[in-house]
Amino acid sequence: MPLSTLNREQLRAVTAPMGNNLIIASAGTGKTSTIVGRIANLIESGVNPSKILLLTFTNKASNEMLQRVGRYFSTSIVNRIESGTFHAVSYRWLKEMKENVILKQPNELRTLFRSIYEKRHFKRLNYDIEPFSSTYLYEQYSLYQNSSFDGFDIWFTDKYPEHRVLIDIYMNIIDEYEFTKDRFGFVSFNDLLLKMRELLLEEKRDISEVLVDEYQDTNTLQNSLIEAIDSNSLFCVGDYDQSIYAFNGANIQNIATFTKRYRDVRVFTLSKNYRSTASILSLANRVIQRNERIYPKKLEVTKRDIDLPPRLLIYNELFNQYQGIAEEIKKSNTTRDEIAVLFRNNSTADGVEASLRELGINSKRRGGNSFFDVKEVKFLLDTLSLLVNPKDMMAFIHIFEYGRGIGTALAKEMFECFVHFGEGNLFKGMLSPTVFTLPKLNPIKNVQLGLFDDDTQIGSISRFNNLRLDEKIKSNPILKHPKITSTGVLFYRDFYNFLKSIRGVKQPKSMLLKLINSPLYGNVIDTLSTQRAKLKSGEIDRDRKEIARENILRKAKLLTDLSSQYKDIRRFVNAMVLGGNELSQGKGVNLLTVHASKGLEFKEVYVIDLMDGRFPNRKLMSRGGTIEEERRLFYVAVTRAKERLYLSFAKYDKVKKIDFEGSPFLYEAGLLKKDY
C-alpha cells in the first residue's frame, strides 16, 4: 500500500510495533484508511494474513475495508484475512469447531421466552408489586449478558431491589428458557460470544494481531472475547467522544481504562479532520469539551474551500418545524441522497416524512424496522426456515401464532405433539403420524414458581365434525388436544395442504410463490391488513386495508425477487437470516436517528427537535442515562455534516399543549443566548 497517502499521525499508527496500540480516531479523521493501512503494513511485514483478525460492528464496514485492502493485494491473500462482526466471526469459528448451533433472531427468542413466561400465573401469588412483562424481563436478561459476569439474580436485584420477592420465579423462567434453547440447539447473538469465549479459554487460536473498529462501542462481553483470544498484539481504534450505545450495553470504560489494563500501551491520536468545515468543527468542539477529557485532543481543519456557518432555525410550533425543514430541503440544490435529517427519537420521523411527501420529495427511513423484521416477511422466512430445519421450534411457533385461538404456549405444545406423533419427525407427525397418544406436556405444579396448569385431558374429535376436512387431517391426534379450537384446526389444515403442494419443489422462488399464493399466507395477509386498517373507533377502513394488503404483497414480491438468484433453499434462508438487517431500500432524503447515522456523512445535515427534554432526552436520563452521553450524541449528529449544518427546534406542541425551551446544547454551542 502506498503509505505516502497517509498523513503523519496515521503513518505513525500504521507502522507502530506490534503490541498494545490504541488509536483515538475523532470524527472524519480517516479511521478506515488507518485500519486498511495497518492491515497492509502487517502483510508487507510478513504476517500471515490468516492470522490477522479484523472485528467490526457491521459486515458492511468489514467488507469495505477488505475491498480497499484488495486494491493492493491479490484476492487469495485478502480472502485469508479473518474478518467480520463479533457475532459473524464467532458463528464461523463455532461451525469450524463442529459446534451444533442454530442461530435465532431476537424476535424469535422473545417469543420462546414469552411462551415460558405465560405459564406463570403471577396474579394468583398476591404480591403487592406488579411483575415485569415478558418483553422487559427478556431485554433485561439480554442486557445482563452483555454487561455483567455476576449471577443474574445478583445483578437484577441490585438494579430492582423491590422485585426481590419475584426473583425465584424470574430465575426459573430463565432456567427453563436456557434449558429449552440447549435442547433444540438454539443460540442467541449473545450466546455466540459466550460459547466462543468458553471455547477460546480451552483452545487458543493462533492470531498475530486483533484489529478492533469502533472500540468505544464494545460491551463487557465483547471485550472479554477480545481478551479470551489472547493475541500478543492489539490495534484498537475508537473515539471516547463517540460512545453512544450505553443503552445497548456498551461499556465506555473499555476504552477509558485501556492504558491501565494493558502493558506498554502506545496511544496515537488522529486529529486532522477531512470531513467537515471549520465552522462545523468549531461548534462540535465547543460542546464536547464540556465532557471529561480522557484523551486530550483538538480537531484540526483540512477543508478550506468552503465554510458556511451552521444555521439555527426556530419555529413557533412543532409541526411547523417539520414543514419548515421540508421547505428548506425543497429549496436546496444539494442532491437528495446527500441530505440527512437527524433526530433523537425515531417517532420524530413521521412528521418530517409526511411533510416531505406533501412536497413530492422522496425520503428513506433508516434506524427503524428492517425489511426482514416486518411480520409479513418474517412469516415467509419462518416457513422456509422450518422446511430447512424441522427441529426449529421457534419458526413453528411464529407460524402457528397466526392461527386464531393459537397463542405461543399452545403453538409450542402443538409442535411437541407433532414431533411426538412422528416419533421425532415433525412433518411425519403432521402428515402421517404413527403415534396416536398425546404426550405429557405440562410441568410439575409448583405454586411458588407460579405454575398452576391442570393436567391435559383428551378432547373429543367429534367437536370438529362440522369442518370440511379430509380423512388424513381428521385422523391426526392433534384434534384430541383439549385447547385446540375449530379455527386452530383450519389453520393446521392450510399448513398441511401447503406442505403437500410443495412436494418435489426445490427452487426457493418456486416455494415462495406457492406459499404466497396459498390460503395459509392469505390468512396472514388478511390478519395483518385488518390490524393496520383498524380505526380508533374499532371500525375497519376498507381503503386502508386494501393499501395495507398491497404493501404486504409488494414486500412478498421483493423477497421473491431476492430468492430468484438462489437454487438452494438452505443457502437462501441463511443469507436472509444472517444478512437481512443490513439491507437498505429506497432513494431520497435520509431520515435517521442519531444512533443510525453513526459512521455516515452527508453534505447537508438537519438536526431537529433540539428542545430540552427531547434532545437531551430527559426521560432516558432519569432511567440511568447521563447528560454526557446525550452530549456525545449531539457531537456525533453535528459531525455527520460535511458542508451545511442546520439545527432546529420548536417552541410549542399544539397537540400535547407543551411549551419547549431550546436544548442546552444550543446554548453551549453559542447559538442561543438566555433571552432568545
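The values are calculated or read from the model by the stated rules, or taken from the named source; none is laboratory data. Quick caveat: nothing in here was measured; it's all calculated off a predicted structure. Counting neighbours? That spans all protein chains shown, and the Cβs are built from the backbone with ideal geometry, glycine included. Note: accessible area is taken over every heavy atom of the protein model, side chains too, but ligands, DNA and RNA are not part of it. Shrake-Rupley method; radii C 1.70, N 1.55, O 1.52, S 1.80 Å.
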Determine the distance separating the Cα centre of the range 519-542 from the Cα centre of the range 618-676; give it in Å without decimals. 39 Å
Rounded to the nearest 20 debye, dipole of the range 1-123 from Cβ charges on Lys, Arg, Asp, Glu: 500 debye
Dipole magnitude of the chain, debye to nearest 20 (Cβ charges: Lys/Arg +1, Asp/Glu -1, about Cα centre): 1520 debye
Mind checking the range 164-208 for trypsin sites (Lys or Arg not before Pro) that DSSP puts in a loop (not H, G, I, E or B) and that have at most 14 other Cβ atoms within 10 Å? 204
At a Förster radius of 45 Å, what calculated FRET efficiency corresponds to the Cβ-Cβ distance of residue 506 and residue 289, to the nearest 0.05? 0.15
Looking at 417, 670, 76, which one has the Cα that reaches farthest to the positive end of the dipole of the chain (charges on Cβ: Lys, Arg +1; Asp, Glu -1)? 76
Expressed in nm to one decimal, what extension gain is obtained for the pair residue 466 and residue 571 from 0.36 nm per residue of sequence separation less their Cα-Cα distance? 33.5 nm
Return the equivalent ellipsoid semi-axes of the range 587-676 as a descending list in whole Å, where each equals the square root of 5 times an eigenvalue of the C-alpha gyration tensor. 22, 16, 14
What number, in nm² with one decimal, is the all-direction average of the projected area of the convex hull of the alpha-carbon atoms of the chain? 33.5 nm²
With all protein chains present, how much of the accessible area of the chain (probe radius 1.4 Å) comes from carbon and sulfur, to the nearest whole percent? 47 percent
Where both residues lie in the chain, what percent of DSSP beta bridges are antiparallel, nearest 5? 15 percent
Looking only at GluC sites (Glu not before Pro) in DSSP loops with at most 16 other Cβ atoms within 10 Å, what is the longest site-free stretch of the chain? 540-660
Taking +1 at the Cβ of each Lys and Arg and -1 at the Cβ of each Asp and Glu, which of 523, 395, 107 sits farthest along the dipole of the chain towards its positive end, judged by Cα position relative to the Cα centre? 523
Charge context of residue 547, other residues only, Cβ under 12 angstrom, K/R +1, D/E -1: +2
Return the lysines within reach of residue 330: Cα separation strictly under 22 angstrom, same-chain partners fewer than 8 residues apart disregarded; answer none if there are no such residues. 364, 587, 603, 642
Per-residue SASA entry for residue 157, accessible area with 1.4 Å probe, Å² rounded to 10: 10 Å²
Distance in nm between label sites at residue 5 and residue 558, each 7 Å beyond Cα in the beta-carbon direction? 3.4 nm
Once the Cα atoms of the range 21-141 are picked out, what are the Rg and Dmax in Å? 22.2, 69
Can you give me the distance in nm between label points at residue 654 and residue 164, each placed 7 Å from the Cα along the Cα-to-Cβ direction? 5.3 nm
In nanometres, the difference between 0.36 nm per residue of separation and the alpha-carbon distance of residue 266 and residue 301 is 10.1 nm
For the range 469-554 (alpha-carbon point model, no solvent) the Debye-based log₁₀ I(q)/I(0) at q = 0.10, 0.14, 0.18, 0.24 Å⁻¹ works out to -0.37, -0.66, -0.90, -1.08
Quick check for me: using +1 on Lys/Arg Cβ and -1 on Asp/Glu Cβ, what's the dipole size of the range 292-335 about its Cα centre, in debye to the nearest 20? 240 debye
Taking N as the number of residues in the range 70-137, what value does Rg over Cα atoms divided by 2.2 N^0.38 Å take? 1.99
With a point put 7 Å past each Cα toward its Cβ, work out how far residue 32 is from residue 517 in nm, to one decimal. 4.3 nm
Cross-link partners among lysines for residue 657, C-alpha distance below 20 Å, same-chain residues fewer than 8 apart left out? 619
Here P(r) for the range 23-70, Cα-Cα distances in 10 Å bins, as whole percents, is 24, 57, 18, 0
Considering the alpha-carbon set of the range 314-416 alone, what are its Rg and its Dmax in angstrom? 21.2, 61
Identify all aspartates and glutamates with a Cα-Cα distance to residue 654 below 14 Å; exclude those on the same chain that are fewer than 8 residues away in sequence. 317
I'd like to know which of 326, 384, 276 lies farthest towards the positive end of the charge dipole of the range 262-406, counting +1 on Cβ of Lys and Arg and -1 on Cβ of Asp and Glu. 276
